[in-house]
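Okay, structure first, notes after.
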Amino acid sequence: MKQNLVIIGAGMASGRVIEQLVENAPEAYNITLFNAEARGNYNRIMLSPVLSGEKTYAEIVTHDDDFYTTHNVTCRFGEHVVGIDPKAKVLEGQNGSVPYDKLVIATGSAPFIIPVQGKDLPGVITYRDLDDTNAMIEASAKGGSAVVIGGGLLGLEAAAGLAERGMKVTVVHLMGHLMERQLDEAAGYLLRKDLEKRGITIRTTASTNAILGDDHVEAVLLEGDELLPADLVVMAVGIRPETRLATDAGLSVARGIEVNAQLQTSDPDIYAVGECVEFDGNLFGLVAPLYDQAKVLAHSLLDKADAFVAKDTATKLKVTGCDLFSAGDFAEGSGREDIVFRDPARGVYKRLVIEDDRLVGAVMYGDTADGNWFFGLIKDGTDIEDMRETLIFGPAYQGGDQADPLSAVAALPPEAEICGCNGICKGTIVEAIKGGATDLGAVKAQTKASASCGTCTGLVEQLLQVTLGDAFEMPTAQPICTCCDLSHEDIRRLIKSQELQSQEAVWQELGWKTRNGCHICRPAVNFYLLADWPLQYQDDPQSRFVNERKHANIQKDGTFSVVPRMWGGITNAAELRAIADAAEKYDVPTVKVTGGQRIDLLGVKGEDLPHIWDDLNKAGLVSGHAYSKGLRTVKTCVGTDHCRFGTQDSTGLGIKLEKILWGSWTPHKVKLGVSGCPRNCAESTCKDVGIICVDSGYQIGVAGAAGMDLKETERLADAATEQEAIDLTIAFVQLYRENAKYLDRAYKWVAKAGLDWVKARVVDDLDERARLIAAFELSQSIYRKDPWAEHAKEARAFQPLADLTLEAAQ
C-alpha cells in the first residue's frame, strides 16, 4: 500500500528527491508537493541569465506540468503551509490540511534584510527567486539607477543583469574586496576591474546607513553621508535557512534544521533537505551538496542504507564574461606557501596554496580550464611534491613537457568529480558511455552531467573520446537542430551549391526528418534563402520570431513597443510632434529615449499597431526595425555641423549609411556608429561597424560588442573618402550576410572566420568588394521598404464608414 509523502518546497533539492523516487520506486508514495511560489521546479542557477535577458523562464524549467501529471504528483502551488502537527502527522495548508506518513521540509533559505531605515520602502527588493527576478526586470524597464547592497555571488549576478538591461548600477560592499569568502584580494581586484569596464560602479568598505524616500525608494545613504541616487535597491547581503515551520513544529533547530546523515530531523517521520538544513554544524548553499542530500534522502525514504557526507565545494561565478574559480582554504598561515601566476595582458591570475606538500586552496581568474583538476587534488589530499615545479600550469604539463590533454582526463580516478552542479563523478559518466550513451546529449540525459551550467561540457566530451576511442569524433559543429544532421555551415553551403531556392527544396534535398522543420531551424533556413536568393525566394513571415512577424517588440504584458526610425539620430519638430500626438492618441504609458538615439513608445496595444503606424507614416516616419535581425541604428555625433573638434561630417555619413542599409536582413542585429573625431562621442568602438573620423579620412572598425560581451572593434581599414568608407561598410555587411551562422553577432562571426580572411575579401580584393556591393543592392531592391506602410494601408482600407455607437446630436 502506498504511503503519503508530503513535500514542502519545490526547489532544486526536493525536485531531485522526486526524480529519484519516481525513477526507483514509482509505487512507493503518493506525493503531494506544496510551493509558496505559483510554479514548480526550475533551475535557480539560471536566474542570472534570465535577469540579463540571455534566457527565458521557459528555458530554465526543470519539471513542467507534464512531469507532475505523468508521475501523479499532487501540486499545491501558490499555497503557503501554515503549520505542521507532528503528533497528528498532519500538515495544514492555506487551503486545507493533508495527512502524511513521511514529511520532507525543503523550505530553502530566506534573504537577510539589513535593519536600516527605509528597508520596507517600495523599490527595495531581494534576489532569491523568479518573482524577485521579474520584479527587477520590470523595474529596469523604466531605466534609472540601481544600488545593489552586497558584493557576493548573488549581488554581482544582480548587478550584471541590471546593467545589461540598461540601468546605472552601483554595488555597495562592506568588505575590502568583492566576494571575499571565495576570492583573495588579487582576484577580487580583477573582478572589480572587469565589472567597472562594464559601467558598474563599485563601492567597497562602504556601509549603508539608511534607504531614503517617501512613497518609493529615492536614494541610499552611506556612512560618511555619501548619497547614491536609487530607483531600485537590491539587498543581497546573505541568506539564512528558512526554519520557521520547523521551529513552530518543535523540531530541533540551531542555525538550520538539524538532521542526521540520513537527512532525518529530530522527528523520525520528518526529513529536511536543501538550504534549510544544518548537518554537523555546516550549512549548504551550493547545488552539488544539495543534490547529494537529495540522493541520500530518497534512499532513506526507500529504506536503503546511505549516509550524507559534507564535501569540499568549489565556486564558479555565473556573471557572463567574468571567469573565476575558487576552492579550498586560501587564507594565509604559517607553514603555507603560495605559487602565483599572472598574465596581465590576458587578465589571468592563478594562486595555489600549498601546505605539507598538499594543495589546500586554489584561486583562479581569467583562465579556469584546469579548475576541476586542482579541485580534485584538494579533495583527495594528493601529494604534489613531484609536480611542484609545474603544478601551476595544470595537468597537461605534468612530467615536464606538454602532454596530450586527454591523458590528464584518462588519469583521473573514477571518483573524480566532473560535474560540480550535479555531483556527477567520472565513473558514473564512463559507465553511461559504456552502456550506450555515445554522445553528449545522451550523457546529459542519462547522468545530468553538463546539463546545468555547462562548464564541464569539455571534460565530458573528453571522457567520451577517451572511453570510445576512434568510435567517437569530437564534435566540431553541432547539427542545426534535431530535424537535420547538418550544421548551419553545411546548410548554407548546400543552399548555394545545389541552388536550393525554397524551404520545400531544403527539406527534401537535405534530408529533413520533419515535415516543415521546427522553431529552431525554420528562421535560420528562411534567412539563408532570402540572403542567397533575394529575387527567387519570398520571405516567409511564419518562419520568423513573433517580434518580426508583428513588426514590433512584444512586452511582458502582451503590449508592444514602437520605435520609429530616425536617420542617424536626427529628428525635427514635426516628427516629435507626430510622436507626441500618437502617444496621446493611443494612450501610450511610456515614452523612452533609447541608447541608440531613438524614441521608444512602450505599451502599445496590439490592435492599435496598424493605426499608430499609419499616423507616424503620415509624418514621414518609418519602422526603426528595433525588433529585427537587421540594421537597428546608426548612432552619430554632431561632427563638423556643430562641434569644434569635428573632423568630418559624421552626421551626414551616418544618415547616408542608414538610408542605404535600412530594411536589410542580417544573421543578427546590426548596429553602427559614426564619430566625428577620436573623442568617439557616438561610442563607435563597440559597434558591429564603427567609423572614427580623423583629419585624413575615416578609420573603419568592425566586430565590436557592448551587450552580453564587451569587445572593442578591430581595424578593418582606413578610407580616404566618404564613398570609400560607405563601400567598405556595405561590403562587410554583405559578407556577413552571406557567410555567418544565423544568430551569430558580427563579432562572433569575425572571430570564427578571421579578420585577415574578411580583409582579403572586403579591403584587398576590389573585384570581390564590387561584387558584394552589387549583391547587397540587389537584395535591397526587394527589402529596402517600410513594413509598417503595408499594414497601415490595410488598416485604412478596412476602417468603418461610421461609428454607429455614437448618438446623433439633439
Discussion item. I need a count of the residues in the stretch 540-552 that are open to solvent by 40 Å² or more (accessible area, probe 1.4 Å) and either outside any helix (DSSP H, G or I) or among the acidic types (Asp, Glu) (or both).
Written reply: 1
Worksheet item: Counting only residues that are under 16 Å from Met566 (Cβ atoms), open to solvent by less than 40 Å² (accessible area, probe 1.4 Å) and part of a loop (DSSP other than H, G, I, E, B), how many does the stretch 629-657 have?
Response: 1
Practice prompt. Determine which single condition Ile700 fails, assuming it passes every other condition in (1) under 24 Å from Pro787 (Cα atoms); (2) free of Cβ contacts under 8 Å to residues at least 40 places away in the same chain; (3) not acidic (Asp, Glu).
Written response: (1)
Response to the item:
Contact list, first residue from the stretch 225-244 and without any contact (Cβ under 8 Å) to a residue 60 or more places away in the chain, second anywhere and among the small types (Gly, Ala, Ser), beta-carbon distance below 7 Å, six or more apart or interchain, is Leu227/Ala219
Practice prompt. Would you check which residues across the stretch 485-530 are open to solvent by 60 Å² or more (accessible area, probe 1.4 Å) and among the hydrophobic types (A, V, I, L, M, F, W, C) and list them?
Written response: Ile520
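In the stretch 374-387, which residue that is assigned to a helix (DSSP H, G or I) and surrounded by fewer than 20 Cβ atoms within 10 Å (Cβ to Cβ) is nearest to the chain's Cα centre (by Cα)?
From the stretch 374-387, those assigned to a helix (DSSP H, G or I) are 374-380, 385-387; that's our starting set.
Now restrict to residues that are surrounded by fewer than 20 Cβ atoms within 10 Å (Cβ to Cβ): 379-380, 385-387.
On the way: Lys379: 31, Asp380: 34, Glu385: 41, Asp386: 42, Met387: 38 Å.
If we take residues in the stretch 374-387 being assigned to a helix (DSSP H, G or I) and surrounded by fewer than 20 Cβ atoms within 10 Å (Cβ to Cβ), then Lys379 is nearest to the chain's Cα centre (by Cα).
Can you tell me which residue among Ala731, Ala682 is open to solvent by less than 10 Å² (accessible area, probe 1.4 Å), part of a loop (DSSP other than H, G, I, E, B) and farther than 25 Å from Ser487 by Cβ? First the steps, then the outcome.
Details: Ala731 fails: part of a loop (DSSP other than H, G, I, E, B).
Result of the check over Ala731, Ala682: Ala682.
Pick from the stretch 388-412 the residues that are modelled with pLDDT under 80 and more than 17 Å from Gln465 (Cβ to Cβ): which of them is surrounded by the most Cβ atoms within 10 Å (Cβ to Cβ)? I'd like the intermediate steps shown before the answer.
Restricting attention to the stretch 388-412, the residues satisfying the condition of being modelled with pLDDT under 80 are 396-412.
Keeping just the survivors that are more than 17 Å from Gln465 (Cβ to Cβ) gives 397-402.
Numbers: Tyr397: 17, Gln398: 20, Gly399: 11, Gly400: 9, Asp401: 8, Gln402: 12.
So the residue we want is Gln398.
For the stretch 199-267, which strands (runs of 3 or more DSSP E) that fit wholly inside it have 1 or more residues that are open to solvent by 30 Å² or more (accessible area, probe 1.4 Å) and in contact with a strand residue (DSSP E or B) (Cβ under 8 Å, 6 or more places away or on another chain)? Explain how you work it out, then say what you get.
On the way: elements: 201-203, 208-213, 217-222, 227-229, 232-235, 239-241.
In the stretch 199-267, the matching strands (runs of 3 or more DSSP E) lie at 201-203, 208-213, 217-222, 227-229, 239-241.
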Item to complete: Quick one: Arg493 ticks every box in (1) within 15 Å of Asp540 (Cβ to Cβ); (2) without any contact (Cβ under 8 Å) to a residue 12 or more places away in the chain; (3) among the basic types (Lys, Arg) except a single one, so which number is it?
Response: (1)
Discussion item. Can you tell me how many residues within the stretch 514-539 are without any contact (Cβ under 8 Å) to a residue 60 or more places away in the chain and either outside any loop (DSSP other than H, G, I, E, B) or aromatic (Phe, Trp, Tyr) (or both)?
Written reply: 7
Practice prompt. May I ask you to list the residues in the stretch 99-118 that are surrounded by fewer than 18 Cβ atoms within 10 Å (Cβ to Cβ), of a type in the set (A, V, I, L, M, F, W, C) and part of a strand (DSSP E or B)?
Written response: Ala110
Fill in: Selected residue (only one of Val340, Val348, Val353 is out of contact with any helix residue (DSSP H, G or I) (no Cβ under 7 Å at 6 or more places or on another chain), within 12 Å of Leu391 (Cα to Cα) and either open to solvent by less than 40 Å² (accessible area, probe 1.4 Å) or hydroxyl-bearing (Ser, Thr, Tyr) (or both))
Val353
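The values are calculated or read from the model by the stated rules, or taken from the named source; none is laboratory data. Bear in mind that the values here come from a model prediction, so they are computed numbers and not experimental data. Neighbour counts are summed over all protein chains in view; Cβ atoms, including those assigned to glycine, are modelled from backbone coordinates with ideal geometry. These area figures cover heavy atoms from the full protein model, side chains too; ligands, DNA and RNA do not enter into them. Shrake-Rupley method; radii C 1.70, N 1.55, O 1.52, S 1.80 Å.
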